[in-house]
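Below: the structure, in structure tokens.
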Amino acid sequence: MDSAVNIEGNVSRDEPSVDERRQLIERVASSAHFRRSARLRDFLLYVGGQSLKEGRAEIHEQEIGAKVFERAPSYDPSQDNIVRVNATELRKRIDLYFATDGAHESLVLTIPRGGYKPVFQRRLPNDLALPTPPTEIALAEAVANAPTVAERSTGGRTAYLAWAGVAMVLVVVCAVLLKQNLALRSSSALWAGRPTVEAFWKDFAKGQQEVDIVLPDASVTMSAEITHQSMMLNDYLEHNYINQQEAASLSPDRVSDLTDIFSHSLVTLADFHAAQQILTLPPIAPSLRLVLARFYTADSIKRNSFVLLGGRKANPWMGLVEEQLNFRLAFDPQHNDALVTNRHPQGGELSSYASWTDANDLTTGYCVVGYLPNPNRTGNVIMLAGTDSDTTNAAAEFLTSETSLAKFRSMLNVQKFPHFEVLLKTSRVSNTSLNTEVIAYRIHPENN
């Protein structure tokens with residue numbers, strides 16, 4: 001009989017029986033983590049059931065697409081990544097179950113990356129999971145209760161309201177993280193060994209009393225998904241979130257959805273993480289002010305240096321400055337994808353760059369970093385926008401990394417950074433950034 005290896009590497013000779021495995025699958029699938037996601041529950045039950053069949057080999061992506069996601073048996077997985085995307089979400093919810101409700105399960109299941117067949121492993125009593133911190137549970141459960149990619153594609157009022165609830169939890173979590181972050185600001189160790197980063201950010205701030213970090217508004221993104229229209233800055237400033245023309249083309253339920261969404265101030269955790277990296281820069285930390293886009297003012301843009309996070313779809317303020325950029329974040333409504341457009345391609349460059357995910361769940365995305373004067377030339381503006389919030393976070397990592405900034409300065413062959421914009425290519429697995437590289441850049445004539 002083969003040995004079963006537990007998650008801590010200890011070996012148990014007690015191989016789980018078919019009944020034990022079946023009962024575990026059913027407990028996980030019936031848990032609260034799958035309550036709002038019938039499709040993910042079906043996904044788990046299908047691959048779990050197949051894994052119980054004696055001699056069953058690997059379960060293939062195309063098979064799952066046809067059996068669970070109602071794709072044609074001959075569909076092309078390279079053109080439709082519905083299984084891979086939902087497999088990522090499924091793995092997260094399984095991990096969440098064993099970190100919370102199933103923390104004391106003696107048998108665990110995982111779905112290793114690169115395949116879809118569940119693996120069952122025995123945990124010894126002294127290796128049972130420790131309780132997860134309440135804040136992490138609240139955040140993880142909020143994400144787990146959100147609708148999946150497959151479910152979001154079908155729309156529905158419940159889905160949008162669920163996402164609003166998720167975002168509200170994220171706001172609370174962000175507040176906790178901000179409090180923790182403020183305690184770190186005084187630590188000079190955070191700045192040690194980063195002379196290039198220090199020089200760049202000090203020059204950006206120019207000794208100003210206030211430097212604003214403008215968080216994107218998740219309500220605007222959700223509104224765009226409902227209306228299929230980007231919100232104009234004037235409407236946003238006047239809190240005219242639902243104009244008459246849009247309201248006339250929407251059902252009463254959709255209008256009610258929009259009203260509910262904009263009754264809250266929403267922000268995603270990844271966007272806050274991007275801001276958090278800047279908030280921990282000691283030389284300029286005292287002057288930093290975190291503000292949500294809907295509470296920002298035109299007067300501040302004229303007066304202060306500021307950082308804009310997110311593309312125009314999430315942060316309408318981007319419309320004031322993005323006209324100066326060669327690399328711009330755009331949205332393809334036909335494929336429901338964000339991409340970066342290149343207005344004037346140079347040798348070897350493409351006219352557009354779209355994100356994609358391969359068979360191993362490795363996601364390639366793109367982000368733009370812009371460093372320009374503010375509209376009145378009284379300060380500077382930094383724009384960080386990516387094809388999703390995780391790539392926006394990668395853009396912030398680029399500007400706070402000594403290795404990345406020093407390498408880029410060497411590429412420019414300058415001592416002092418001019419105004420510039422740079423297109424970055426990122427790769428990540430399960431929201432963990434693995435690599436960021438410069439694809440193209442432009443130097444702007446308005447040098448510091």
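Laboratory data are not the source of any read-out in this text; all were calculated from the coordinates shown. All of these numbers come straight from a predicted model, not from anything done at the bench. No Cβ is skipped: glycine too gets one built from the backbone with ideal geometry, and neighbour counts run over all protein chains shown.
Whole-Hz Karplus values for region 298-311 come out as 5, 4, 5, 5, 6, 9, 9, 7, 8, 10, 9, 9, x, x Hz, taken residue by residue from phi with 6.51 cos²θ - 1.76 cosθ + 1.60 and θ = phi - 60°; glycine and proline positions read x. Estimated at 0.36 nm per residue, the fully extended path between Ala330 and Glu15 surpasses their Cα-Cα distance by 108.2 nm.
With semi-axes defined as the square roots of five times the eigenvalues of the C-alpha gyration tensor, the equivalent ellipsoid of region 277-411 measures 26, 18, 16 Å, largest first. Full extension of the segment from Asp358 to Ala72, taken as 0.36 nm per residue of separation minus the current Cα-Cα distance, would add 100.9 nm.
Which order do Trp356, Trp201 fall in if you start with the one that has the fewest other Cβ atoms within 10 Å? It would help to have the intermediate numbers written out before the result.
Values: Trp356 13, Trp201 22.
The fewest-first ordering by Cβ neighbours comes to Trp356, Trp201.
Converting phi to 3J(HN,Hα) with the Karplus coefficients 6.51, -1.76 and 1.60 and the offset θ = phi - 60°, region 65-81 yields x, 6, 7, 9, 9, 6, 7, 5, x, 9, 5, 9, x, 6, 9, 9, 9 Hz in sequence order, with x at every glycine or proline.
Under a Cβ-only charge scheme (Lys and Arg +1, Asp and Glu -1), can you give me the dipole magnitude of region 251-395 about the Cα centre, in debye to the nearest 20? Mind dumping the intermediate values first?
Working: 10 positive and 14 negative charges, 166 e Å.
Computed about the Cα centre, the dipole is about 800 debye.
Based on C-alpha pairs under 8 angstrom that are at least 6 apart in sequence, region 376-448 has a relative contact order of 24 percent. Across region 18-106, C-alpha contacts under 8 Å between residues 6 or more apart give a mean separation that, scaled by the residue count, equals a relative contact order of 28 percent.
What is the sum of charges around Gln208, taking Lys and Arg as +1, Asp and Glu as -1, for the other residues whose C-beta is under 13 Å from the C-beta of Gln208?
Working: positive: Lys202, Lys206, Arg289, Lys302, Arg303; negative: Asp203, Glu210, Asp212.
Net charge around Gln208: +2.
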